[in-house]
Amino acid sequence: MGAHRRAVFLDRDGVINQNIFNPASGEYEAPLTATDFALVPGALEALWRLQTAGFLLFVVSNQPNYSKGKATLEELAAIDARMRREVSAAGIALAGVYCCLHHPEGIAAEYSGTCACRKPSPYFLLRAMREFGLDPGHSWMIGDRETDVICGCEAGVRTIFIDGRRKGISGMGADWDAPDLAGAAEHICRDFYEQQRINGLGDAGRIPAPQPPA
Ligand SMILES: [Mg+2]
Ligand SMILES: [Zn+2]
């Protein structure tokens, strides 16, 4: 193994699971119920691949829908539980799942107003780096919003922007743009094994085929 403790930080909605069309707002948004939770195709294979390459996996998510009065805390907990269950059933370990429940203009008093943890704040990344002794120079943040990219930049990790709407060049200032989580994992693993090869470690840049347990 390399000497660096490294991690991939993942936004959740639009990266691990699909955003859902909300007729009320006309936008694709985070699921509001566990029933609406659906993994993005290829998500488990991508996470498995990152884990196999030795990255610790963290989920970092803004979840303001209780604060906004759009979902109950129980529903948010059920969605979180479903994600953890489906990921863990595939043999993938999440080192941490960090959620900001706040919103600056929320209507639920206890989660309204400014907070330290809402992305683009790098709060949770910095905390994980401290607690797990991670090397930011060998870590990554993957997200589908500009706030994810800013969050990663402020934490000193490399960033990948998921361009879910396939608009092409995002202009978000990320280190890399990928169409989905599978593409992001491909890029991170390619970079990692290339570094291993350059440093004379590992086996010549070979990217192992993703083989999640059944
Ligand atoms: Mg997102
Ligand atoms: Zn917060």
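FYI, it's all coordinate maths here, none of it is from the lab. Everything quoted here is computed from the prediction, not taken from an experiment. Cβ: placed from backbone, ideal geometry, glycine included. Neighbour counts: every protein chain shown.
Key figures for this structure:
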| read-out | value |
| --- | --- |
| Cα long-axis angle, helix 123-132 against the chain (0 to 90 degrees, to the nearest 10) | 40 |
| Angle in degrees between helix 73-89 and the longest Cα principal axis of the chain, rounded to the nearest 10 | 20 |
| Listed residues ILE142, ILE160, ILE150, most fluctuating in the chain (Gaussian network, C-alpha, under 10 Å) | ILE150 |
| Amide hydrogen neighbours beyond the local backbone of GLY14, cut-off 5 Å, H modeled | ASN19 |
| Amide H partners (placed H, <5 Å) of ALA30, local residues excluded | ILE20 |
| Sequence-separation-based contact order of the stretch 7-198, relative, with Cα cut under 8 Å and 6+ spacing, percent | 22 |
| Order of PHE9, PHE132 under a 10 Å beta carbon neighbour criterion, fewest first | PHE132, PHE9 |
| Extension gain (nm, one decimal) between CYS115 and ALA89, 0.36 nm per residue minus Cα-Cα | 6.0 nm |
| Principal-axis tilt of helix 181-198 within the chain, Cα atoms, nearest 10 degrees | 30 |
| Amide H contacts under 5 Å for VAL59, placed H, 5+ residues apart | LEU10, GLY96, VAL97, TYR98 |
